[in-house]
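Working notes for the structure below.
The values are calculated or read from the model by the stated rules, or taken from the named source; none is laboratory data. All of these numbers come straight from a predicted model, not from anything done at the bench. Here the Cβ positions follow ideal geometry from the backbone for every residue, glycine too, while neighbour counts run over all protein chains shown.
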């Protein structure tokens, strides 16, 4: 595959510092005589906890499928890939100080599970510090590529040239020779793509350009990563634009600012609603897995989303809804309430015409993403049911009940919004929410607009259940 990033007339490479979180990793000195197998094992051991952290994160979070996977040493770990490639689903699994053999050792953890569309490899900086020659590093790359081809035959691979830095200028000859071997590999394999990331960081005299490095003259600064990203983007876009017919899945993308008139099969032209996505899923043949990706943001439903057999896939070709990248889309049936004005120091108010007209009634309010509790009595603790006109402990637990007795002073028939108030009863393993229908002040009995599904006792005892009253003034 023809390399990208050429045109600067120079080819170079860089060694990355073996520094992670302020700790210096001490590889073997060149004077020590160890086998390649010993070197590989010793290097791999130091990353066991880092890899375990990646795996714990993967168990607790989702990750995008069909993504661009960045894997390698600290040049990958420090690269803000998600921010600099917002148009692509990105996974970053860089661990600073690693060498190519570490990527082979941990491929089952940091490569294969993600099934990426494209892999970007950057490593090789630190390998010579362990005494490896350009030929030995290239052999590790060949082994790694072979494993990826075996497990992920459709995945495209980008091999980034090792960059030259002033801090490791003494190893430039090794890096340059290694980069030439990377290019030769890519020229022989249509699934390999060489990216000349080294030349991009050299000045007109072919020396490391200090504009792209931090003070240690080894790691990239913000501008260096910007240059890399801007030049790498066209190649990634080309590889990600593979025709849908060649993919292992059919995908639809949805975004709050999308358009249901769009095709929806590309992240650049997403649909707007779940309904729009499911309309398309319904018409598809389910001969491939189907994934609906939801971009970050809020999806407000004005009507139920009906999912039937016609939307379903099979065990082999399932239909999946998942976040795009690491986003946290929110699907809500709520409606935005506006027009708020300050009533006093502690109270805000607004008028809602539908509520006044009795055509809309809601029981929960979220402010800035947090649920706000309605006014309740008592402010702390609970009231207790005092009596059971519809039956107490002598009745089966699932006896429907629509009334109970309360202690004097707990409830009041004088409440101005009586039928808006809601009694929440905590009994058995559930809580029952019951709008008040009326209060008999003389007999201290409250009745509800519909019955509960259980009697008003505290579990299977003869004591009265706990309860509170919400939304009362």
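Among the numbered criteria (1) over 28 Å from residue 88 (Cα atoms); (2) loosely packed, with under 13 Cβ neighbours inside 10 Å, which single criterion is violated by residue 352? Here residue 352 clears every test but (2). Does any residue of the stretch 302-320 turn out to be touching a residue at least 40 places away in the same chain (Cβ under 8 Å) and surrounded by fewer than 14 Cβ atoms within 10 Å (Cβ to Cβ)? Checked against the condition, which is being touching a residue at least 40 places away in the same chain (Cβ under 8 Å) and surrounded by fewer than 14 Cβ atoms within 10 Å (Cβ to Cβ), the stretch 302-320 yields no hits at all. Being modelled with pLDDT of 85 or more and either surrounded by fewer than 16 Cβ atoms within 10 Å (Cβ to Cβ) or on the phi > 0 side of the Ramachandran plot (or both) is a description that does not apply to residue 276. Within the stretch 129-184, if we keep just the residues that are over 17 Å from residue 104 (Cβ atoms) and free of Cβ contacts under 8 Å to residues at least 40 places away in the same chain, the residue that is surrounded by the most Cβ atoms within 10 Å (Cβ to Cβ) turns out to be 169.
Conditions tested, residue by residue: (1) crowded, with 18+ Cβ neighbours inside 10 Å; (2) closer than 30 Å to residue 194 by Cα; (3) in contact (Cβ under 8 Å) with a residue 12 or more places away in the chain.
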| residue | (1), (2), (3) |
| --- | --- |
| 229 | no, yes, yes |
| 250 | yes, yes, yes |
| 254 | yes, no, yes |
| 285 | no, no, no |
| 334 | no, no, yes |
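Candidates in the stretch 284-325 are the residues that are in a helix (DSSP H, G or I) and touching a helix residue (DSSP H, G or I) at 6+ places or on another chain (Cβ under 9 Å); of these, the one that is farthest from residue 86 (Cα to Cα) is 310.
Against the criterion of being surrounded by 10 or more Cβ atoms within 10 Å (Cβ to Cβ), assigned by TED's automatic domain parsing to the domain that holds residue 463 and within 15 Å of residue 464 (Cβ to Cβ), residue 374 does not qualify.
Which one of 166, 238 is farther than 19 Å from residue 102 by Cβ and touching a helix residue (DSSP H, G or I) at 6+ places or on another chain (Cβ under 8 Å)?
Details: 238 fails: touching a helix residue (DSSP H, G or I) at 6+ places or on another chain (Cβ under 8 Å).
Criteria check complete, one pass: 166.
Out of the strands (runs of 3 or more DSSP E) lying entirely within the stretch 386-473, which hold 1 or more residues that are under 43 Å from the mean Cα position of the chain (by Cα) and assigned by TED's automatic domain parsing to the domain that holds residue 356? Full working, then the answer.
Details: elements: 401-405, 422-427, 430-440, 445-452, 466-470.
Ranges flagged: 422-427, 430-440, 445-452, 466-470.
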